[in-house]
Amino acid sequence: MPSAYSVRRPVVNAYLVRERDRRRLRDLLRVVAAVVPLGLGLAGYTWMQLETLRVAYRIGALERQAHELAQVERQLRLEASYLASPGRLSARAHEELGLVEPAVGQVIFVEELGR
């Protein structure tokens, strides 16, 4: 014999309307208001660290380039001093151009031209 408690009846909820829980929305807004500043702060910190790393790499590359340029400058100065040495210029003038030192009578001084 079935009891009254074991009989199931279908529930008719045709007119049942679900309301929004305003407390749940407020709680969600509170969580978002707390998490967004933390996320922005973390994103800002990460950006600063990445920017610092990028600048450090750039500084290292510029220092290497400055060192290389200083070496090139040193080599060019040495080469310029070698090429401009009077002994070398005199030897080249004798060998390649066939120039000789002028005789005493061939030299005209600027003071003599003014008289």
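Throughout, read-outs are computed from the coordinates displayed, never taken from laboratory work. Predicted model, so just to flag it, every value in this text is computed and none were measured. Every residue, glycine among them, receives a Cβ derived from its backbone with ideal geometry; neighbour counts consider all protein chains shown.
Per-residue ellipticity at 222 nm, computed for the chain from helices alone with -39500 (n - 2.57) per DSSP H run of at least four residues, works out to -22500 deg cm²/dmol. Remark: spin-label model distance Val107-Arg24 equals 11.0 nm, labels positioned 7 Å along the Cα→Cβ axis. Over all pairs of different C-alpha atoms in region 22-95, the reciprocal of the mean inverse distance, the Kirkwood hydrodynamic radius, equals 18.4 Å. Phi angles of region 86-93 translate, via the Karplus equation with coefficients 6.51, -1.76, 1.60 and θ = phi - 60°, into HN-Hα couplings of x, x, 5, 4, 5, 5, 5, 5 Hz per residue; Gly and Pro are given as x.
Please state the charge dipole magnitude for the chain, taken about the Cα centre, from unit charges on C-beta atoms (+1 on K and R, -1 on D and E), reported in debye and rounded to the nearest 20.
That gives the chain a dipole magnitude of about 2240 debye.
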